[in-house]
């Protein structure tokens, strides 16, 4: 009887030890699974948050509006640029825009009203990885001339044989083609929500436009009283006008 009781106690103790070991093993496996899942979620969330906040690389956009120019033009256009950031600092892309600049000097005192569509490539460098950071961008491309502007017309008269013969002169320019341009942009980007930011910059752009100079000569005569006759001759030559202008821009980035 005593031997039987001893065997039963020994068997119960062995069974309890095995059961506890199995439970502990199960608990240990479950804990490891939970830890692995939690660690994976934390890493995934950390990477997504880093992309939202720092955006170390990937697509970017910079859209800005021309608020005022050095010539006094107000709200004269906008442009948008898309590109790829290879790291938190360096990005390369391109863009397109529209510009309307009035009373723009061409050369001497001639002025004209121009509407351009700039198409460009750019290199953009973000200096810091902070909420407020300076930005430098270099852009280059071609400004397509949308309209065909004319400058103001000069006119004057000289006597050839007063009061019977004189000459009228007319001089003006028409522009038919845009040209290559380069732009230096220095700005500040301020993040307002994760990777979305407000952007302000000062740009200096140089470009050229080309067209034709028109020079008219009217040889007028009035040898018979009340009867004026004239011969008109037009002289034309190609002209190229080079421009340079400062522009204040405001916009957004992401």
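The values are calculated or read from the model by the stated rules, or taken from the named source; none is laboratory data. Since the model is a prediction, treat every value here as computed from it, not as a measurement. In this analysis, Cβ positions are derived from the backbone assuming ideal geometry, glycine residues included, and neighbour counts consider all displayed protein chains.
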Checklist line | Options 91, 77, 97: the member that is assigned by TED's automatic domain parsing to the domain that holds residue 205, on the phi > 0 side of the Ramachandran plot and surrounded by 16 or more Cβ atoms within 10 Å (Cβ to Cβ) | finding: 77
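Check the stretch 177-186 and report whether any residue there is in contact (Cβ under 8 Å) with a residue 12 or more places away in the chain, part of a loop (DSSP other than H, G, I, E, B) and over 32 Å from the mean Cα position of the chain (by Cα). Give the steps one after another, and end with the answer.
Let us first name the residues in the stretch 177-186 that are in contact (Cβ under 8 Å) with a residue 12 or more places away in the chain, namely 177-186.
So of that shortlist, the ones also part of a loop (DSSP other than H, G, I, E, B) come out as 178.
From what's left, over 32 Å from the mean Cα position of the chain (by Cα): none.
Looking through the stretch 177-186, none of the residues is in contact (Cβ under 8 Å) with a residue 12 or more places away in the chain, part of a loop (DSSP other than H, G, I, E, B) and over 32 Å from the mean Cα position of the chain (by Cα).
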Notebook entry, point to check: Restricting attention to the stretch 67-74, does a residue exist that is under 20 Å from residue 191 (Cα atoms), touching a residue at least 24 places away in the same chain (Cβ under 8 Å), assigned by TED's automatic domain parsing to the domain that holds residue 131 and assigned to a strand (DSSP E or B)?
Noted result: no
Check: Here are some residues: 246, 252. Which one is assigned to a strand (DSSP E or B), exposed (fewer than 14 other Cβ atoms within 10 Å of the Cβ) and modelled with pLDDT of 95 or more?
Finding: 246
Notebook entry, point to check: From 167, 103, which residue is at pLDDT below 95 and assigned by TED's automatic domain parsing to the domain that holds residue 214?
Noted result: 103
Notebook entry, point to check: Taking residue 156, is it in contact with a strand residue (DSSP E or B) (Cβ under 8 Å, 6 or more places away or on another chain), loosely packed, with under 14 Cβ neighbours inside 10 Å and assigned to a strand (DSSP E or B)?
Noted result: yes
Notebook entry, point to check: Which condition number in (1) surrounded by fewer than 15 Cβ atoms within 10 Å (Cβ to Cβ); (2) within 13 Å of residue 185 (Cβ to Cβ); (3) without any contact (Cβ under 8 Å) to a residue 24 or more places away in the chain is the one that residue 136 fails?
Noted result: (3)
Notebook entry, point to check: So which of 55, 43, 32 is touching a strand residue (DSSP E or B) at 6+ places or on another chain (Cβ under 8 Å) and modelled with pLDDT under 95?
Noted result: 55
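Going through the stretch 208-226 one residue at a time, which ones are in contact with a strand residue (DSSP E or B) (Cβ under 9 Å, 6 or more places away or on another chain) and either under 18 Å from residue 170 (Cα atoms) or loosely packed, with under 14 Cβ neighbours inside 10 Å (or both)?
211, 212, 213, 214, 215, 216, 217, 218, 219, 220, 221, 223, listed by residue number.
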Notebook entry, point to check: Given the structure, is residue 204 more than 19 Å from the chain's Cα centre (by Cα) and part of a strand (DSSP E or B)?
Noted result: no
Check: For residue 201, are the conditions met, namely being touching a strand residue (DSSP E or B) at 6+ places or on another chain (Cβ under 6 Å), closer than 29 Å to residue 250 by Cβ, in the same structural domain as residue 87 (by TED's automatic domain parsing) and touching a residue at least 60 places away in the same chain (Cβ under 8 Å)?
Finding: yes
